[in-house]
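First comes the structure, then the notes that go with it.
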Ligand code: FAQ
């Protein structure tokens, strides 16, 4: 790589300029962005499944309409993100093939099952809450198309978080059985939500370079700490107990100390051993195969239109 080009690139990044698709960029920058954005896109698409599972069983028409809209938003986020990743030179077919063959990663959080309606509250509140915490700084990520996609995604995600917290609040203040159900969902989603931020900084191979290139604006541990500090008072406010006996306010650091995360569980879920990992990929593959006729029909329609134009 030409050292003059590299120097000019680094100066632009240091000046907080956006890098655009046709600009020169180091190959490693392109690779790491393609990796992160495509994983993010896959997460949005696979992330439709746990909640999609409850659309037919939502407890009221209002809840059903909200949940339908939310799951459709996730599809939209996946599509913007695939578009952003495509601008770096990898085709959507290649990315989808990588997901379906099990080569590509997506967020560990979506390999856990949704057992009760309370899980829908917990996902909106905690999973979307963690997602926003991570995505707000990505609105200033150095790659223009990714940063711009994040602006709209964050607006929608913040509505998702509120709807989840509202479900959680209603259940936590409901009958003893509803409260028990909400506490159980909270217990199951708490630790996996903390894992969403990725491995600890001293064990995160990509963080240092991604911070230098301003792809990441905050580290995994910094974001995880912010999430804990914001979420614990929300749990207390609705009368839920955080399932962590070591959780304690630390006056000196102005944040909570929290217990050890089970990183073995994290790495086994990353490797594809999550409780419902096989089910998730099977559902994606089946959706792709069963709906091939839609893609074929769209292509046939387009070919006819082109032929008519040429005639
Ligand atoms: N799951 O060196 P680092 C959503 C991998 S939100 C699986 O720290 P990096 C919204 C990592 O890829 C969820 N793998 O990596 C929604 C790397 O492997 P690689 C999606 C993980 O990239 C809500 C290795 O471990 N959000 O979908 C995870 O610097 C509700 C070493 O890690 C994003 O993707 C994990 N949790 O930092 C939808 C946000 N963590 O690639 C539906 C954008 C780490 O070298 C319903 N991404 N790994 O083979 C990021 O900010 C970063 O990529 C991190 C990881 C922070 C996730």
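The values are calculated or read from the model by the stated rules, or taken from the named source; none is laboratory data. Nothing here was measured: the structure is a model prediction, and the numbers come from that model. Here the Cβ is made from the backbone with ideal geometry for all residues, glycine too, and neighbour counts use every protein chain on show.
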*When both residues are 6+ apart or on different chains and their Cβ atoms are under 6 Å apart, which pairs have a first residue that lies in the range 205-230 and is without any contact (Cβ under 8 Å) to a residue 24 or more places away in the chain, and a second that is assigned to a helix (DSSP H, G or I) and surrounded by 18 or more Cβ atoms within 10 Å (Cβ to Cβ)?*
219/207
*Can you pull out the residues in the range 21-53 that are over 18 Å from residue 211 (Cα atoms) and exposed (fewer than 12 other Cβ atoms within 10 Å of the Cβ)?*
22
*Out of 294, 242, 276, report the one residue that is more than 28 Å from residue 176 (Cα to Cα) and more than 22 Å from the chain's Cα centre (by Cα).*
294
*Across the range 33-48, which residue is farthest from residue 131 (Cα to Cα) among those that are within 6 Å of the ligand (Cβ to nearest atom) and out of contact with any helix residue (DSSP H, G or I) (no Cβ under 6 Å at 6 or more places or on another chain)?*
35
*asked:* Whether any residue in the range 56-66 is under 21 Å from residue 110 (Cα atoms), surrounded by 21 or more Cβ atoms within 10 Å (Cβ to Cβ) and either within 13 Å of the ligand (Cβ to nearest atom) or at pLDDT 95 or above (or both) is what I want to check.
replied: no
*Among what's in the range 130-146 and is more than 10 Å from the chain's Cα centre (by Cα), in a helix (DSSP H, G or I) and within 12 Å of the ligand (Cβ to nearest atom), pick the residue that is surrounded by the fewest Cβ atoms within 10 Å (Cβ to Cβ).*
137
_I need a count of the residues in the range 190-202 that are free of Cβ contacts under 8 Å to residues at least 40 places away in the same chain and either within 9 Å of the ligand (Cβ to nearest atom) or surrounded by 16 or more Cβ atoms within 10 Å (Cβ to Cβ) (or both)._
2
_For the condition more than 10 Å from the ligand (Cβ to nearest atom) and out of contact with any helix residue (DSSP H, G or I) (no Cβ under 9 Å at 6 or more places or on another chain), what is the one hit in 86, 97?_
97
_Among the residues of the range 235-243, are any within 21 Å of residue 127 (Cα to Cα) and within 15 Å of the ligand (Cβ to nearest atom)?_
no
*Would you be able to say whether some residue in the range 147-162 is closer than 22 Å to residue 247 by Cβ, in contact with a helix residue (DSSP H, G or I) (Cβ under 7 Å, 6 or more places away or on another chain) and assigned to a helix (DSSP H, G or I)?*
yes
*Boolean, residue 30 is free of Cβ contacts under 8 Å to residues at least 60 places away in the same chain, assigned to a helix (DSSP H, G or I), more than 9 Å from the ligand (Cβ to nearest atom) and within 22 Å of the chain's Cα centre (by Cα)*: yes
*asked:* So, residue 249, is that one more than 10 Å from the ligand (Cβ to nearest atom), touching a strand residue (DSSP E or B) at 6+ places or on another chain (Cβ under 9 Å) and either more than 19 Å from residue 39 (Cβ to Cβ) or part of a loop (DSSP other than H, G, I, E, B) (or both) or not?
replied: yes
*Output the residues belonging to the range 81-95 that are in contact (Cβ under 8 Å) with a residue 24 or more places away in the chain, surrounded by fewer than 19 Cβ atoms within 10 Å (Cβ to Cβ) and under 24 Å from residue 157 (Cα atoms).*
83, 87
*surrounded by fewer than 19 Cβ atoms within 10 Å (Cβ to Cβ), more than 24 Å from residue 138 (Cα to Cα) and away from the ligand (no atom under 11 Å from the Cβ), is that true of residue 3?*
yes
